[in-house]
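Asker: The structure's right below; bear with me while I get my questions together.
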Amino acid sequence: MAIKKRGKYNIDNSSSGKKKRTFNGDLFDSLTELHYLKEVILPLMETGKVVSYERQIPYILQEGFVNFEGKKILPIKYIADYVVTYSDDHVEVIDVKGNADAVSKIKKKCFQKRYPDTIYYWMVRNLSRGGWQRYEELEQKKKLEKKAKKLA
């Protein structure tokens, strides 16, 4: 039995896994990121609502510094999955999420503090609850479903 190579976030790093995550010669970090491109961004480009997108754009959340012992502390970085420019010239920074962990929640807060005028969304794909939606909307739906279940 062959053991699949798995990366830090349980991503299949075998050659077949990488092949599944490759589109137009670009290797995506996850299938979910690839699905977002195919199911949301590219159709919006075809309609003209989106004029361009960039992938894996780095942002500095905190500058590097030298601490009291003289040790160099590296900057804290965040890499956006997509930066999307719309036909009305507004720009959105999109992070495609499977599950939000503690580090990503902290980075989200840091991003919003450092770049307060930047539109920033976490997008999740949940087919049983309506497909692509903002993370906060999905969490709200889950809360309402849980509340309705308790009342039933």
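Readers should treat all values here as calculations from the given coordinates under stated rules, not as data from a laboratory. If you're wondering where the values come from, they're calculated on a predicted model, not measured in any experiment. All Cβ positions, glycine included, derive from the backbone under ideal geometry; neighbour counts span all protein chains shown.
Asker: Shape call for segment 33-152 from the C-alpha gyration tensor, a ≥ b ≥ c root eigenvalues: rounded (a/c under 1.5), prolate (a/b greater than b/c) or oblate? Please report the intermediate quantities before stating the final value.
Answerer: Details: a/c = 2.62, a/b = 1.30, b/c = 2.02.
Here segment 33-152 falls in the oblate category.
Asker: Using a 10 angstrom Cβ neighbour count of at most 15 plus a DSSP loop assignment to flag exposed trypsin sites (Lys or Arg not before Pro), which longest range of the chain is free of such sites?
Answerer: That gives 72-152 as the longest site-free run.
Asker: Ok, one more. Counting only residues 5 or more places away or on other chains, whose amide H sits under 5 Å from the amide H of F23 once H atoms are built in the peptide plane?
Answerer: F28
Asker: Can you flag which of K71/K107; K77/K105; K77/K107; K77/K109; K72/K109; K20/K107 are past 18 Å Cα-Cα? Don't jump to the answer; show the numbers that get you there.
Answerer: Working: K71/K107 23 Å; K77/K105 14 Å; K77/K107 9 Å; K77/K109 13 Å; K72/K109 24 Å; K20/K107 28 Å.
Violating the 18 Å Cα-Cα cut-off are K71/K107; K72/K109; K20/K107.
Asker: A follow-up question, please. Taking the dipole about the Cα centre of the chain, with the C-beta of Lys and Arg at +1 and of Asp and Glu at -1, give me whichever of N67, V83, I94 is farthest to the positive side.
Answerer: N67
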